[in-house]
1. Any idea how many residues of the range 272-304 are crowded, with 20+ Cβ neighbours inside 10 Å and closer than 17 Å to residue 326 by Cα?
2. Only residues that are free of Cβ contacts under 8 Å to residues at least 60 places away in the same chain and either touching an Asp or Glu at 6+ places or on another chain (Cβ under 9 Å) or not in a loop (DSSP other than H, G, I, E, B) (or both): list them for the range 105-121, please.
3. Determine if the range 139-159 includes at least one residue that is without any contact (Cβ under 8 Å) to a residue 40 or more places away in the chain, crowded, with 24+ Cβ neighbours inside 10 Å and hydrophobic (A, V, I, L, M, F, W, C).
4. Can you say whether residue 90 is touching a residue at least 60 places away in the same chain (Cβ under 8 Å), polar (S, T, N, Q), in the same structural domain as residue 123 (by TED's automatic domain parsing) and surrounded by 15 or more Cβ atoms within 10 Å (Cβ to Cβ), as far as the supplied structure shows?
5. Looking at this structure, is residue 165 small (Gly, Ala, Ser), out of contact with any Pro (no Cβ under 8 Å at 6 or more places or on another chain) and surrounded by 24 or more Cβ atoms within 10 Å (Cβ to Cβ)?
6. Please work out which residue is surrounded by the most Cβ atoms within 10 Å (Cβ to Cβ), limiting yourself to the range 247-260 and to residues that are at pLDDT 95 or above and farther than 17 Å from residue 194 by Cα.
7. May I ask you to verify whether residue 263 is in the same structural domain as residue 195 (by TED's automatic domain parsing), surrounded by fewer than 17 Cβ atoms within 10 Å (Cβ to Cβ), over 23 Å from residue 175 (Cβ atoms) and in contact (Cβ under 8 Å) with a residue 24 or more places away in the chain?
8. For residue 182, which of the numbered conditions (1) under 22 Å from the mean Cα position of the chain (by Cα); (2) of a type in the set (Gly, Ala, Ser); (3) crowded, with 24+ Cβ neighbours inside 10 Å fails to hold?
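The values are calculated or read from the model by the stated rules, or taken from the named source; none is laboratory data. This is a predicted model, so every value here is computed, not measured. Note that each Cβ is placed from the backbone with ideal geometry, even for glycine, and that neighbours are counted across all protein chains shown.
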Amino acid sequence: MEKNNGYLVQMGSETLPGHRVINQSIMKPYGVWLVVSPFNFPTPLTCGPAGAALVAGNTVVSKPSAETTWVVRLLAECFRDAGFPDGVFNFVTGQNEPLGQALLDNESVGGITFTGSYHVGMRILRENSRLRYPRPLILEMGGKNATIVSRHANLESAAWGIVRSAFGAQGQKCSASSRVYAEVEVYDKLLARIVEITKSLSIGNPTDRDVYLGPLIRESSYRCFVDYCLHLSEAGTIITGGRTLTSGILGKGFYCEPTVVANLPREHPLWKKEMFVPLVMVEPVKHPEEALALANNSDYGLTGGFFGTPEEAHWYLDRIEVGVAYVNRAQGASTGAWPGYQSFGGWKGSGSSGKGNGLYYLLSYMREQSQTIID
């Protein structure tokens, strides 16, 4: 906001004899902005949109997921203790459906940021059209993210990047790599290394430093994992994982093994469905063009990963249909946007604005007014 002078821009002035004309463009807030945040990253996915809305001059109503209300409650207390006036940042909580619907229907809300599923995001988009006039929506709606591995790739980096992306946070993140397309020359070796790393991952209480995977968030996700693995075992091959864990302390939560699947027919519906569980599917391809066509053949367009040479990287970045693209990222093949380093936003079914944060994010929370003064 400071770098852009508050988005106040002096425009050209037409000639009116005997008068001085001042033309300027200024960006102004909408008023009340609703931020609906998900369970998986409740702090950053509240702070990002709320911070932008506040800096742009709006007040904020924050509604977190019913599963992670306490985190955002503590955030609200931080704003209060920092001296925010009453009514600037407002925390509300309750069951997702009735409360969310009441907020959506409230015409005092000037704009909405929602992070969650495609199904709910599209419902918000449709219901928003019932209002008297258009209301801006910033929708982040998940992904079905693909990683492409060239025959020239560093396979160790690729394997680690895929595992970290697919199984970090138990796969419960919109940027998780759930599809891998590797050139046939390196497919077997890559798959073997992915499986080897996956088998080494520790599962248990996620507050223990050495534990990599904790439980899934809810029983419905747990049941979905069981259902997915049943279908995948019938149509393809579960190389490792595929089971729920119930012994000892693992019986106290919704624990699932990180799962790697191969030999799955390309027409199988799970190639297209966002699953939000620790599961990745790996497929050989004859050449990079085939891999790119498969990666782009999705309703989603959030993130993507590529491992290969710098020359191949330019080809990939020029043609991949995602809002966030990573090349040779061992830290996470399709995962890991850090504020100030990577902008974040989805294309196609992954987002309504293409901007989730970054260089142009503030503009989503403001509207332009042209001002002409003649004296």
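1. Number satisfying all stated conditions: 9.
2. Scanning the range 105-121 gives 105, 119, 120.
3. Yes, the conditions are met somewhere in the range 139-159.
4. Numbers: touching a residue at least 60 places away in the same chain (Cβ under 8 Å): no; polar (S, T, N, Q): yes; in the same structural domain as residue 123 (by TED's automatic domain parsing): yes; surrounded by 15 or more Cβ atoms within 10 Å (Cβ to Cβ): yes.
No; evaluated as a whole, the condition is false for this residue.
5. Numbers: small (Gly, Ala, Ser): yes; out of contact with any Pro (no Cβ under 8 Å at 6 or more places or on another chain): yes; surrounded by 24 or more Cβ atoms within 10 Å (Cβ to Cβ): yes.
So residue 165 fits the description; yes.
6. Step one: list which residues in the range 247-260 are at pLDDT 95 or above, which gives 254-260.
Keeping just the survivors that are farther than 17 Å from residue 194 by Cα gives 254-256.
On the way: 254: 21, 255: 23, 256: 28.
My answer is 256.
7. On the way: in the same structural domain as residue 195 (by TED's automatic domain parsing): yes; surrounded by fewer than 17 Cβ atoms within 10 Å (Cβ to Cβ): yes; over 23 Å from residue 175 (Cβ atoms): yes; in contact (Cβ under 8 Å) with a residue 24 or more places away in the chain: yes.
Criteria met by residue 263.
8. Going through the list (1) under 22 Å from the mean Cα position of the chain (by Cα); (2) of a type in the set (Gly, Ala, Ser); (3) crowded, with 24+ Cβ neighbours inside 10 Å, residue 182 breaks only (1).
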